[in-house]
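Some notes on the structure that comes next.
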Amino acid sequence: MLQTEVDDLLSKLGSAEKAALRLLIDLPSPTLNQQDRAFFSSHPWTGVILFQKNIEDRKQVQDFIGSLQSINQDRFPNYPLFVSVDEEGGSVSPLEKIMTPSPGNMALAATLDLEGTYQISRLLGSELRSLGFNVNFSPVVDVNSNPKNPIIGIRSFGEDPKKVGSFGSRVIQAYQEEGVMATAKHFPGHGDTSKDSHLDLPVVNRTKEELKQLDLLPFEMSIEAGVSGMMTAHVIYPALDKKPATLSKTILTQLLRKEMNFQGIIFTDSFEMAAIKEHFDLEEAVLGSIEAGADVLLALGNVESQLATFEILKKAIEKKKISEENIIQPLKRILSFRKRLGEFKRKSDWTIERNLVESLHQKSVTVVSGREKLPLSKQAEVLLSLEASKHQSIFQTHFKDCRFVPWPWPSSSIASSKPRWIFLAERRLLDSKVETALKPLTSQVECVVSFGNPYFLSEFPSDVVRVTTYHFNETFVKAVYEVLIQGKKGTGKLPITL
């Protein structure tokens with residue numbers, strides 16, 4: 001019945017509609033002014049992604065999404081737009097101010113609590129749906145095997161492929177039970193990169209066997225869990241193809257579609273990222289990703305670049321530069337999923353465990369070394385890194401008896417009679433100046449806490465009290481205070497190797 005309806009709809013579409021239905025766009029502000037409304041109304045885009053620039057408060061988000069869906073309804077009744085967001089939780093959370101705070105993926109993995117992960121993901125899924133979102137570009141199921149990875153890190157569940165796959169699968173099930181399409185990313189794996197694909201084109205030099213055993217396993221488990229979406233990586237895997245995955249038919253069609261039997265929607269990552277934009281002509285990228293097997297292209301950026309992508313695709317369809325199979329089959333998938341999202345009804349009720357969010361934060365706090373020295377004296381001099389300095393007032397609220405030294409650290413702070421601690425809050429890599437300043441201090445501190453990237457702790461000896469939370473928020477600050485000063489255990493287990 002659905003397929004017949006979709007076939008009938010497709011038979012009435014021209015090249016402009018077919019092109020727009022393959023593109024997911026973004027908009028510049030939190031409201032639809034006359035110019036933005038005209039642009040959005042100009043073509044039947046398949047969807048939109050919201051970033052922080054589009055978000056003010058709950059009502060504004062609901063109204064904004066409602067306006068977009070209303071425009072779409074005039075063209076495609078009963079086929080709602082894909083309304084998407086990168087709400088990974090933890091360090092990537094554009095909706096953090098209007099949603100329940102999540103400890104983030106690596107913190108969740110540190111709890112070893114699969115059921116708690118499912119519960120909080122279901123809570124987040126229900127909140128997303130209530131705001132109007134029906135697609136989440138989450139979870140990250142990249143296996144973070146490279147300690148120097150500049151972009152994945154704590155966004156990953158860790159370095160163990162089975163553990164990453166297990167936690168990712170529970171997140172997928174939870175989101176989709178709440179009517180939100182989950183999207184596993186970044187296929188076939190971004191965890192071993194040493195470059196950020198937003199800034200450059202990374203290369204992963206793994207053998208096919210290594211890729212299968214390490215990077216692909218969580219994606220296979222995601223498919224078994226019924227994941228509806230998959231996002232490509234702008235990364236080259238020479239063992240598979242000389243082209244990046246986003247433009248590789250070998251990777252997207254042969255591997256993902258045929259060998260791994262993925263039946264859902266393949267989304268590209270953004271074409272505005274330097275990995276694509278600075279290495280490929282736009283037409284080459286657009287047509288290359290279509291022929292590779294991508295369904296939905298993230299044509300983001302300013303209006304001119306989005307329209308340029310649209311025109312390339314429209315003309316290619318008109319001039320039959322794209323095979324019929326790569327036009328019709330993706331459109332059938334896209335419209336079928338949009339229809340199902342519009343018809344979603346929750347299948348089962350569920351009850352949130354009382355104090356779930358706080359308990360997961362507490363359970364993830366990980367004492368890496370020096371447990372025998374806890375609790376510590378509540379008076380100390382605390383050096384705050386560049387990022388940690390931005391949160392000094394929050395630290396002071398909980399560690400009332402400490403003296404805080406924000407970055408940059410004066411030379412006078414290096415000679416203190418009080419015990420010296422260091423608080424770090426960097427999500428990715430340390431600023432080079434902070435890294436240089438840390439080196440002479442690594443053996444002169446009593447305690448170091450990373451409210452972010454845990455790999456920094458490897459710079460400090462094992463006789464130092466080393467603690468990590470994998471993300472910064474006030475709930476984590478309170479939990480660390482309880483571990484350092486009040487003697488609570490801190491039961492988290494490192495999901496990576498230091």
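What follows draws every value from the coordinates through simple rules; no lab data is involved. What you are looking at is a predicted structure, and each value in this text was computed from that prediction instead of being measured. Ideal geometry is used to build each Cβ from the backbone, glycine not excepted, and the neighbour counts take in all protein chains shown.
Residue ranges 239-251, 367-379, 464-476 sort as 464-476, 239-251, 367-379 when ordered by packing (mean number of other C-beta atoms within 10 Å per residue, highest first). Only beta bridges with both residues in the chain are counted; by DSSP, about 15 percent of them are antiparallel.
Working from label points 7 Å from Cα in the Cα-to-Cβ sense, the VAL303 to SER377 distance is 6.4 nm. Placing +1 on the Cβ of every Lys and Arg and -1 on the Cβ of every Asp and Glu, with no other charges, gives region 403-498 a dipole of roughly 160 debye about its Cα centre. Using 0.36 nm per residue and subtracting the Cα-Cα separation, the extra length available between LYS489 and GLU224 on full extension is 91.8 nm.
What the Cβ-Cβ distance of SER462 and GLN213 gives, at R0 = 41 Å and to the nearest 0.05, is a FRET efficiency of 0.85. A protection proxy built from the mean count of other Cβ atoms within 10 Å ranks the segments 82-93, 7-18, most packed first, as 82-93, 7-18. With q set to 0.11, 0.12, 0.16 Å⁻¹, the log10 of I(q)/I(0) for region 365-484, from the Debye formula over equal scatterers at the Cα positions, is -0.29, -0.35, -0.67. Cross-link partners of LYS12 among lysines, defined as those whose alpha carbon lies under 20 angstrom from its own and excluding same-chain residues fewer than eight positions apart: LYS314, LYS315, LYS319, LYS320, LYS332, LYS339.
Taking every DSSP helix (H) stretch of at least 4 residues in the chain, weighting each as -39,500 (n - 2.57) and dividing the sum by the residue count yields a mean residue ellipticity at 222 nm of -11000 deg cm²/dmol. Using 0.36 nm per residue and subtracting the Cα-Cα separation, the extra length available between GLU324 and ILE394 on full extension is 19.4 nm.
Label-to-label distance for SER443 and GLU311 is 6.5 nm, based on points extended 7 Å past Cα in the beta-carbon direction. Using the Cβ of ILE236 as centre and a radius below 13 Å, the other residues enclosed give a net charge of +1, where K and R count +1 and D and E count -1.
Among 19-32, 263-276, 314-327, sorting by the average number of other beta carbon atoms lying within 10 angstrom of each residue, highest first, gives 263-276, 19-32, 314-327. With 0.36 nm allotted per residue and the present C-alpha distance subtracted, the GLU5-ASP281 stretch has 95.7 nm of extension available. A simple count of charges around LYS378, restricted to other residues whose Cβ falls under 10 Å of its Cβ and scoring Lys, Arg +1 and Asp, Glu -1, yields 0. The C-alpha atoms of the chain occupy a region whose extents along the principal axes are 78, 46, 41 Å, arranged from largest to smallest.
Global dimensions of region 107-164 from alpha-carbon coordinates: Rg and Dmax equal 13.1, 38 Å. For region 90-107, putting each phi into the Karplus relation 6.51 cos²θ - 1.76 cosθ + 1.60 with θ = phi - 60° gives couplings of x, 6, 10, 8, x, 9, 3, 6, 10, 10, 4, x, 9, x, x, 5, 5, 5 Hz, in residue order, rounded to whole numbers and with x for Gly and Pro.
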